[in-house]
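The values are calculated or read from the model by the stated rules, or taken from the named source; none is laboratory data. Everything numeric in this text was worked out from a predicted model, so none of it was measured. Here Cβ is always computed from backbone atoms with ideal geometry, including for glycine, and neighbour counts include all displayed protein chains. All accessible areas refer to the heavy atoms of the entire protein, side chains included, with ligands and DNA or RNA removed. Shrake-Rupley method; radii C 1.70, N 1.55, O 1.52, S 1.80 Å.
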Amino acid sequence: MRLDLLRGLNAARAERRAVVVATELKSGAQRLVLDPAGDPLAGEIEKAVRLGRSGVVDTAEGPVFLNVHRPSPRLVILGAVHVAQALAPMAAAAGHAVTVLDPREAFAAPERFPGVEVVAEWPDVALPRLGLDPFTAFAALTHDPKIDDPGLVEALAKGCFYVGA
């Protein structure tokens, strides 16, 4: 892989962006696809990213291997409540990076959530820093509108793949 492609791939991964490396199998030519909209294989690339599957696509010029790189899924739980204590380890066991967020320090205690990132801040302060994205699931569990509502608004605006309350 060319160094410029590797740098672009690493930058996209650091930004939690999906990226595809398209390799023409006959020539070995490669390109990095950050935005499939202008790419001749846009439909196939969008489908591969959506499914999270790499594979070969046949084109008039020959086969092209689409190597899909998606960010790891993560779960942001708003509300360090009893349900969160059960949900966090299950999500972690399923391969999600888990963050528990709650402004109430009595609830957002790290000893209640071993092995999970715990943030004791208000959602309007913490969520911009956490960077919700389409590879993030978001669950609002406090049942307190002054805590849940700002988080739900942010999760919907950022296109989280799952938003639950």
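Just to be sure, is Leu101 open to solvent by less than 80 Å² (accessible area, probe 1.4 Å), in the same structural domain as Ile147 (by the TED database) and touching a residue at least 40 places away in the same chain (Cβ under 8 Å)?
yes
Quick one: in segment 1-25, which of the residues that are in a helix (DSSP H, G or I) and of a type in the set (Lys, Arg) is modelled with the lowest pLDDT?
Per the criteria, the residue is Arg13.
Yes/no per residue for (1) open to solvent by 20 Å² or more (accessible area, probe 1.4 Å); (2) closer than 20 Å to Gly95 by Cα; (3) assigned to a strand (DSSP E or B):
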{"position": "Val118", "(1), (2), (3)": "yes, yes, yes"}
{"position": "Glu121", "(1), (2), (3)": "yes, no, no"}
{"position": "Ala126", "(1), (2), (3)": "no, no, no"}
{"position": "Arg129", "(1), (2), (3)": "yes, no, no"}
{"position": "Phe138", "(1), (2), (3)": "no, yes, yes"}
{"position": "Ala155", "(1), (2), (3)": "no, no, no"}
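Cβ-Cβ below 6 Å, separation at least six or inter-chain, first residue in segment 45-56 and farther than 9 Å from Val68 by Cα, second in a helix (DSSP H, G or I): which pairs?
Glu46/Pro36
Would you mind telling me which numbered condition in (1) part of a loop (DSSP other than H, G, I, E, B); (2) free of Cβ contacts under 8 Å to residues at least 60 places away in the same chain; (3) closer than 24 Å to Leu6 by Cβ Asn67 fails?
The failed condition is (1).
Name the one entry in Ala92, Ala48 that is surrounded by fewer than 20 Cβ atoms within 10 Å (Cβ to Cβ) and in a helix (DSSP H, G or I).
Unique residue meeting the criteria: Ala92.
Answer with yes or no whether Gly28 is free of Cβ contacts under 8 Å to residues at least 12 places away in the same chain and assigned to a loop (DSSP other than H, G, I, E, B).
yes
Among (1) under 30 Å from Ala137 (Cβ atoms); (2) touching a Leu at 6+ places or on another chain (Cβ under 7 Å), where does Glu46 come up short?
(2)
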